[in-house]
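Q: The following block contains the structure, expressed as structure tokens.
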Amino acid sequence: MINPAIYFHSEAYSIDGPKLMGRNAAGESFIRGFFKHSKSKEFWIQVERAEHAKSFSDLALKNARSEKINVVTKSNLSALSQAGVIYFPGPGIGEHAFHRSKLGHAAWSLCGITHTTSSAGAMDALVDLITAPIQSWDALICTSNAVKANVACVLQAQIDYLKDRLGITKMVLPQMPVIPLGIHTEDFDFSPDQKHAARQELGVAQDAIVVLFMGRLSFHAKAHPLAMYQALQKAKLATGKDIVLIECGWYANDSIEKAFDAAAQLACPDVRVIKLDGRLSAHRQRVWAGADIFCSLSDNIQETFGIVPIEAMAAGLPVVVSDWDGYKDTVREGVDGFKIPTTLPAQNLGEDLALRHALGIDTYDMYCGHNCMFVAVDVERTAQAFVQLFESKALREQMGQAGKTRAQEVFDWSQVIAQYERLWQECSDLRQLNKGLSATPTHAWPARLNPFFAFSGYSTDALALDTLLTLIDSDVDSALQRFRAYRALMMLDFAKYVLPSEEEVGLLFKGFFNANASPAQVLGQFAAERQAFVFRCIVWLLKMGLLRVVR
């Protein structure tokens with residue numbers, strides 16, 4: 001069984017920040033799922049800072065895992081070959097392929113995952129997959145078929161560009177399996193007493209029908225609420241039911257909150273609206289227990305999967321969602337709830353939006369906001385779905401139970417982590433099969449060349465194995481005394497990583513003393529693994545005026 005490494009940065013796996021984003025929720029849920037269901041016998045992590053390793057250790061203990069933790073940093077990157085595969089919580093594995101290239105393309109496998117793919121950074125990371133040294137034993141997990149189609153579209157556009165520009169004929173792509181995000185279904189299991197208590201705490205009558213929207217409250221970057229408001233008003237008037245809408249999330253600022261208030265007052269004046277801060281766990285638990293129906297009419301290109309509908313399904317709630325992005329995979333029309341049709345403009349009508357974003361005329365928020373203006377969610381069909389659910393408690397219970405079963409059987413982390421581990425094992429097996437066939441090119445990372453190669457034209461000469469050298473001082477002890485004095489200088493000590501030991505210097509001085517010797521003649525007295533390092537250090541001794549070239 002493979003023991004995968006996790007690229008761990010505390011922020012990517014935490015929901016405690018002031019701005020709770022989907023990727024944070026997904027990361028926090030994943031790491032809990034990994035600790036709970038991973039079959040790893042020991043843990044491997046790559047970190048940028050020591051405090052991140054401490055954070056991972058604390059999380060492991062909190063989740064009752066006490067296995068050995070192996071920490072990898074950039075200074076011991078080759079240790080990842082012992083793990084065999086490393087998982088990154090984002091799509092940007094191209095840069096890490098370059099990091100690996102210096103140690104061999106088949107040294108380990110890389111695995112990333114899609115979250116938002118509409119930002120400039122994410123799109124750049126995707127096109128980098130074509131020119132970075134990505135291999136067939138690497139993988140980019142696509143969380144939905146919709147985002148896989150988007151990724152394929154971006155990659156093909158880059159391939160077409162490079163064919164036109166450079167005439168490329170060879171492409172190496174990572175594996176791109178579709179694996180959904182997971183949830184902890186047990187977190188959403190509530191007893192009748194808990195549900196009753198939640199309604200009381202919310203101040204909602206037991207016979208009222210509570211519709212819940214859970215998530216970031218952003219009309220430009222999450223879900224524009226107007227379609228939901230209009231549909232709720234229509235269904236309220238059609239059925240005469242006591243309808244309560246709970247919006248459990250957070251606003252980026254006061255003006256956005258006021259915009260939601262104004263829209264609700266205009267579009268659904270007869271629906272009571274309750275607002276709760278979704279960053280608070282107690283609020284989230286209360287509304288999951290107290291709601292009757294879940295609604296999310298996502299209409300934004302920054303969404304790729306949408307984890308909240310499957311949380312609603314796990315809570316036993318029927319769902320009303322837009323037929324959009326990952327919702328297309330997760331919700332079954334007429335079984336778990338209703339998928340409302342969406343409409344986009346013709347494909348050739350968005351070039352100006354892309355250009356404005358590319359040139360920086362529009363911020364990313366504006367780019368998302370402009371795009372969502374052209375995603376139509378069918379208001380009438382949404383109202384019809386609400387009417388059916390408002391009028392039939394039996395239908396609500398039937399769909400809620402179907403969704404709950406589906407969440408447990410398909411989206412629980414016990415199922416999803418198993419898919420991850422199968423993928424990681426397959427990548428590792430393929431890498432092992434190709435290890436002997438994967439030759440690392442001379443210049444594996446062209447933008448980060450060996451400086452002695454890249455700047456070779458700067459110098460007069462290069463030290464060769466047959467270059468004749470001699471000691472400048474009349475005896476070895478005098479040379480060593482000068483070496484010690486120079487070595488103590490701050491202007492040399494800063495470079496301790498590249499400097500030889502006194503023992504090594506002493507052996508070199510003895511080899512070159514009172515003789516015209518070449519490095520080839522002297523290096524044999526050093527261990528094989530140190531010879532290249534010592535050969536390089538001879539130039540440093542020339543720099544210090546301790547050796548000279550015999551002309």
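Q: Checking Cys248 against (1) within 30 Å of Ile113 (Cα to Cα); (2) in contact with a Lys or Arg (Cβ under 8 Å, 6 or more places away or on another chain); (3) part of a loop (DSSP other than H, G, I, E, B), only one condition comes out false. Which one?
A: Here Cys248 meets the rest and fails (3).
Q: When the range 262-291 is examined, which residues are found to be open to solvent by 60 Å² or more (accessible area, probe 1.4 Å) and either touching a helix residue (DSSP H, G or I) at 6+ places or on another chain (Cβ under 6 Å) or not aliphatic (A, V, I, L, M) (or both)?
A: Gln265, Pro269, Asp270, Arg272, Lys275, Arg279, Ser281, Gln285, Arg286, listed by residue number.
Q: Would you point out the residue of the range 116-142, among those that are open to solvent by less than 10 Å² (accessible area, probe 1.4 Å), out of contact with any Ser or Thr (no Cβ under 6 Å at 6 or more places or on another chain) and not in a loop (DSSP other than H, G, I, E, B), that is farthest from Gly369 (Cα to Cα)?
A: Filtering first and then ranking leaves Ala139.
Q: In the range 500-517, what count of residues is obtained for those that are at pLDDT 95 or above and not in a helix (DSSP H, G or I)?
A: Total satisfying the criteria: 2.
Q: Of these, Ile159, Ile183, which one is touching a residue at least 12 places away in the same chain (Cβ under 8 Å) and crowded, with 17+ Cβ neighbours inside 10 Å? Full working, then the answer.
A: Working: Ile159 fails: crowded, with 17+ Cβ neighbours inside 10 Å.
Only one candidate passes the filter, namely Ile183.
Q: Mind listing just one residue for me: the one in the range 464-491 that is free of Cβ contacts under 8 Å to residues at least 12 places away in the same chain and part of a helix (DSSP H, G or I) and, of those, most open to solvent (accessible area, probe 1.4 Å)?
A: Out of the qualifying residues, it is Met490.
Q: Which helices (runs of 4 or more DSSP H) does the range 2-100 wholly contain that include 3 or more residues that are closer than 30 Å to Asp277 by Cα and more than 19 Å from the chain's Cα centre (by Cα)?
A: Working: elements: 22-37, 50-62, 80-83.
Those helices (runs of 4 or more DSSP H) span 50-62.
Q: Same structure again: How many residues, within the range 518-551, are open to solvent by 70 Å² or more (accessible area, probe 1.4 Å) and part of a helix (DSSP H, G or I)? It would help to see each step written out before you state the result.
A: Quick first cut of the range 518-551, residues open to solvent by 70 Å² or more (accessible area, probe 1.4 Å) only: 521, 525, 528-530, 532, 536, 539, 543, 548, 551.
Checking the rest, the ones that are also part of a helix (DSSP H, G or I) come to 521, 525, 528-530, 532, 536, 539, 543.
Residues flagged as open to solvent by 70 Å² or more (accessible area, probe 1.4 Å) and part of a helix (DSSP H, G or I) within the range 518-551 amount to 9.
Q: I'm told Arg32 meets every condition in (1) surrounded by 11 or more Cβ atoms within 10 Å (Cβ to Cβ); (2) among the basic types (Lys, Arg); (3) farther than 28 Å from Ile307 by Cβ except one. Can you identify the failing condition by its number?
A: Every listed condition holds for Arg32 apart from (3).
Q: Does at least one position in the range 189-205 carry a residue that is touching a residue at least 60 places away in the same chain (Cβ under 8 Å), crowded, with 20+ Cβ neighbours inside 10 Å and over 25 Å from Arg396 (Cα atoms)?
A: No.
Q: Okay, next question. Which members of the range 218-245 meet the condition of being among the aromatic types (Phe, Trp, Tyr) and open to solvent by 30 Å² or more (accessible area, probe 1.4 Å)?
A: Looking only at the range 218-245, we keep the residues that are among the aromatic types (Phe, Trp, Tyr), and these are 219, 229.
Across the range 218-245, the qualifying residue is only Phe219.
Q: Considering only residues that are open to solvent by 10 Å² or more (accessible area, probe 1.4 Å) and aliphatic (A, V, I, L, M), which ones fall in the range 79-100?
A: Answer for the range 79-100, where residues must be open to solvent by 10 Å² or more (accessible area, probe 1.4 Å) and aliphatic (A, V, I, L, M): just Ala79.
Q: Residue pairs, Cβ under 8 Å, 6 or more apart or interchain, first in the range 337-351 and touching a residue at least 40 places away in the same chain (Cβ under 8 Å) and among the polar types (S, T, N, Q), second surrounded by 10 or more Cβ atoms within 10 Å (Cβ to Cβ) and not in a strand (DSSP E or B). List them.
A: Listed pairs, sorted by first residue: Thr342/Asp299; Thr342/Asp323; Thr342/Trp324; Thr342/Val375; Thr342/Asp378.
Q: The conditions are (1) touching a residue at least 40 places away in the same chain (Cβ under 8 Å); (2) farther than 16 Å from Cys372 by Cα, and His283 fails exactly one of them. Which is it?
A: Checking His283 against (1) touching a residue at least 40 places away in the same chain (Cβ under 8 Å); (2) farther than 16 Å from Cys372 by Cα, the one that fails is (1).
Q: Can I ask one more? Do we find a residue being β-branched (Val, Ile, Thr) and assigned to a loop (DSSP other than H, G, I, E, B) anywhere in the range 266-277?
A: Yes, because at least one residue in the range 266-277 is β-branched (Val, Ile, Thr) and assigned to a loop (DSSP other than H, G, I, E, B).
Q: Mind listing just one residue for me: the one in the range 433-452 that is surrounded by 10 or more Cβ atoms within 10 Å (Cβ to Cβ) and modelled with pLDDT of 90 or more and, of those, nearest to Trp137 (Cα to Cα)?
A: Leu433
Q: Out of the range 336-364, which residues are open to solvent by 30 Å² or more (accessible area, probe 1.4 Å) and closer than 30 Å to Leu317 by Cβ?
A: Answer for the range 336-364, where residues must be open to solvent by 30 Å² or more (accessible area, probe 1.4 Å) and closer than 30 Å to Leu317 by Cβ: Lys339, Pro341, Thr342, Thr343, Leu344.
The values are calculated or read from the model by the stated rules, or taken from the named source; none is laboratory data. The model shown is predicted, which means the values in this text are computed figures rather than measured ones. Here Cβ is always computed from backbone atoms with ideal geometry, including for glycine, and neighbour counts include all displayed protein chains. Note: areas computed on protein heavy atoms with side chains; ligands, DNA, RNA excluded. Shrake-Rupley method; radii C 1.70, N 1.55, O 1.52, S 1.80 Å.
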